[in-house]
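Asks: Quick one: the structure is below, and I'll ask about it shortly.
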Amino acid sequence: MTNAALEFDWAFAGWPSAVRYGVIVAIPLALGIAIFFLSRTEMRLVSRRVAAPLLALRWTLASVLLALLLFDPREIEVERERIPGRISIAVDTSDSMRVCDPQRPLAEKLALAKKLQWTHDISGDREVDDWIAEAGSGAAPRFDDSPEGRGRKKRFDAIVKRMDDATRLALVERALLPDGAALIDRLKLAHAVEVVGWDQKLVALPTDPGPLAKSLDSARPYSTPTSAIPVALTDLKLPLARAGQSGEGKPKLLGMILFTDGRHNWGESPVKRAGGPIFPVVMAPKLPPPDISVTVTPVVKGEPREAASDRLLPTVTAEGTIRFGTREPTFRPGREVEVIVRAGDAKKLGAQSTKAARVVKLPSKPGETERAVGFVLFVQPEGWPRDWSATVRDLAPGKYAIELDIPDWADQLRGPTGPDGRATHLRSYFEVLPAEGEELLDLSANGPLLDELATATGGKVYAPEELDGLIERLKGETSVVEHRITTRLRRSWWLLGAILGLFALEWILRKRNGLA
């Protein structure tokens, strides 16, 4: 597409104002006076019919020359070229994206599974659509007790289990890669695509399927209570700042897709860093998942409470007669840590027996050594003849071990042989999380922040099952580059020819009528 226009500028731009305007007035005035007296002289020698055309030609020539001299007219041609732009895809890789969401509404769960191509190897689209319609009406799909009904239920349960076991990051991987929604490949048909991952630091990710899947490391959910939950911070400003960077030869940013749950817990609000249009894809449902650090142990009907709760204690002696440890593997700062010891009926302790435990702080960095940070005495709760408990307070963040100091049970509390050949103490482990670790405190979607980002930049918030609409919107966007071609009219050959033609015509008229 090309548009043309004329631009004008005053001559003698670098001159002092008084001199400049004096010259601009003086030149036309002098030229006008010269033409006036010349024409007045010629009218005495030739008829008015000859003098009038000569005067018109001279005024035309004077006007053209004055316009070229005083206004420097330029013809501007603007060519607009539509070229592919740049789409930035940013993936939140923080700990809150590595949890599962079995509480996601059933209709949403099934629709998302279909969108991510996670149903085709189990069931047909028509059957899945029927289940989505039933779930959307508020009723769970029903299956009759027949071979066909049992088969349908088996397929339904397989899809639901697949979604329940998938982390948020696993869903992002399916959205990006060809086996799923193929977001990267579909956007590459129209634009340049870059992918980054972030938590408290930013990492460029490959766009090729194999390396990208390996980089996302999406198959590791933090949902097992036997290991400490890692705590990471999330700085949403990082991908926004990178997306706004431009460089030579770098296509214009047309939009940024954020795959995130909206958690931001490091530094100022990211809205101030927002640049081009931002399209958050909310990977977390409105309801948060269950507390991932709590283990629920069912009590078998008729089983004593003590026997059922034995399974909550992590460390047991080789004979299986003594269990001890904490109820949970991780604790938030400020919480009391309760240590419990439970013994079998044959392992009774006398009233004068020592019943204590050492709390050992484990190394957090290479080269550090472990050190004892506490010594606590056990007391026996009323009504629990086989239990002893102790409470530890005010522990700093870090990993800890508990060693029982009960001389009467010394033989049973020996652990495996250490590197020095000596027997170690049997230990139970727990962790106190850092105070600033807010990443896993709230696992719901941070809708207000994502809405604010999208609104401030002219973008829109999408659910992951709405990816087709997002792709079509971005594929239709293009970057427009303008090329300006400037031609000064005083250097134009056709205008020079026109001026020479007017001079020639004036000369011919004068010669034909006997004028000098």
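Asks: Stokes-Einstein diffusion coefficient for the range 101-165 at 25 °C in a medium of 0.890 mPa s, Rh from the Kirkwood formula over Cα pairs: what value in µm²/s? Let's see the in-between values first.
Replies: Details: Rh = 11.8 Å.
In µm²/s, the coefficient rounds to 208.
Asks: What is the order of 281, 360, 25, fewest Cβ neighbours within 10 Å to most? Working shown, then result.
Replies: Working: 281 23, 360 18, 25 10.
If I rank by nearby Cβ atoms, fewest first, I get 25, 360, 281.
Asks: Between residue 373 and residue 9, what length in nm is gained on full extension when 0.36 nm per residue of separation is reduced by their alpha carbon distance?
Replies: Full extension from residue 373 to residue 9 adds 122.8 nm.
Asks: Taking the Cα centre of the range 316-472 as origin, sum charge times position over the Cβ atoms of Lys and Arg (+1) and Asp and Glu (-1), and report the length of that vector in debye to the nearest 20. Could the numbers behind the result be given before it?
Replies: Working: 19 positive and 26 negative charges, 258 e Å.
Computed charge dipole of the range 316-472: roughly 1240 debye.
Asks: Over 22 Å between C-alpha atoms is what I'm after, so list which of 214/460; 201/252; 286/460 land there.
Replies: In this structure, 214/460; 201/252 lie more than 22 Å apart at Cα.
Asks: If neighbour count is taken as other Cβ atoms inside 10 Å, put 91, 339, 271 in order from fewest to most.
Replies: On the way: 91 27, 339 22, 271 17.
If I rank by nearby Cβ atoms, fewest first, I get 271, 339, 91.
Asks: Could I ask something else about it? After finding the eigenvalues of the alpha carbon gyration tensor for the range 1-59, what semi-axes result from the square roots of 5 times each, listed largest first in whole Å?
Replies: Details: eigenvalues 230, 92, 4 Å².
Semi-axes, largest first: 34, 21, 4 Å.
Asks: While we're looking at this one, here's another question. Which one, 120, 147, 105, projects farthest toward the positive side of the charge dipole computed for the range 101-165 from Cβ point charges (K/R +1, D/E -1)?
Replies: Going by the charge dipole, the pick is 120.
Asks: Using R₀ = 41 Å, calculate the FRET efficiency as 1/(1 + (r/R₀)^6) where r is the Cβ-Cβ separation of residue 408 and residue 164; round to 0.05.
Replies: Efficiency at R0 = 41 Å is approximately 0.30.
Asks: Quick one: order 425, 120, 191 by neighbouring beta-carbon count within 10 Å, fewest to most. Show your work: numbers first, answer last.
Replies: Numbers: 425 16, 120 12, 191 20.
The fewest-first ordering by Cβ neighbours comes to 120, 425, 191.
Asks: Here is a follow-up. Expressed in nm to one decimal, what extension gain is obtained for the pair residue 444 and residue 456 from 0.36 nm per residue of sequence separation less their Cα-Cα distance? Walk me through the numbers before you get to the answer.
Replies: Numbers: separation 12, 0.36 × 12 = 4.32 nm, distance 2.23 nm.
Result: 2.1 nm gained on full extension.
Asks: To continue, here is another question. Cut-off under 19 Å on the C-alpha distance; same-chain residues fewer than 8 positions from residue 114 excluded. Which lysines are left, in chain and number order?
Replies: Reachable lysines: 153, 154, 161.
Asks: Return the distance in nm (one decimal) between the two label points of a simple spin-label model at residue 241 and residue 389, each offset 7 Å from Cα along Cα→Cβ.
Replies: Going from the residue 241 label point to the residue 389 one covers 4.8 nm.
Asks: Quick one: how many lysine pairs does the range 305-432 have with C-alpha atoms less than 25 Å apart and a gap of 8 or more or different chains? Give me the count, please.
Replies: Values: 347/355; 355/399; 361/399; 365/399.
Count of close lysine pairs: 4.
Asks: About the Cα centre of the range 101-165, what is the dipole size in debye to 20, counting +1 per Lys and Arg Cβ and -1 per Asp and Glu Cβ, all else neutral?
Replies: Result for the range 101-165 is approximately 100 debye, rounded to the nearest 20.
Asks: Report the FRET efficiency, 1/(1 + (r/R0)^6), for residue 424 and residue 477, where r is their Cβ-Cβ distance and R0 is 56 Å, rounded to 0.05.
Replies: Details: r = 64 Å, r/R0 = 1.14.
Computed FRET efficiency for residue 424 and residue 477: 0.30.
Asks: For a Förster distance of 25 Å, can you work out the FRET efficiency between the beta-carbons of residue 67 and residue 38, rounded to the nearest 0.05? Each step should come with its number before you reach the end.
Replies: Working: r = 21 Å, r/R0 = 0.83.
Once rounded, the FRET efficiency stands at 0.75.
Asks: With the cut-off at 1.5 for a/c, could you classify the range 305-432 from its C-alpha gyration tensor as rounded, prolate or oblate? Please report the intermediate quantities before stating the final value.
Replies: On the way: a/c = 1.78, a/b = 1.26, b/c = 1.41.
Since a/c reaches 1.5 but b/c is at least a/b, the shape of the range 305-432 is classed as oblate.
Asks: Note down the net charge around residue 370, summing +1 for each Lys or Arg and -1 for each Asp or Glu among other residues with Cβ under 10 Å from its Cβ. Please report the intermediate quantities before stating the final value.
Replies: Working: positive: 361, 371, 399; negative: 368.
Surrounding charge for residue 370 is +2.
Every read-out reported here was derived from the displayed coordinates using simple, explicitly stated rules and does not represent laboratory data. Bear in mind the structure is a predicted one, so any value in this text is a computation, not a measurement. Neighbour counts run over all protein chains shown; Cβ positions are idealised from the backbone, glycine included.
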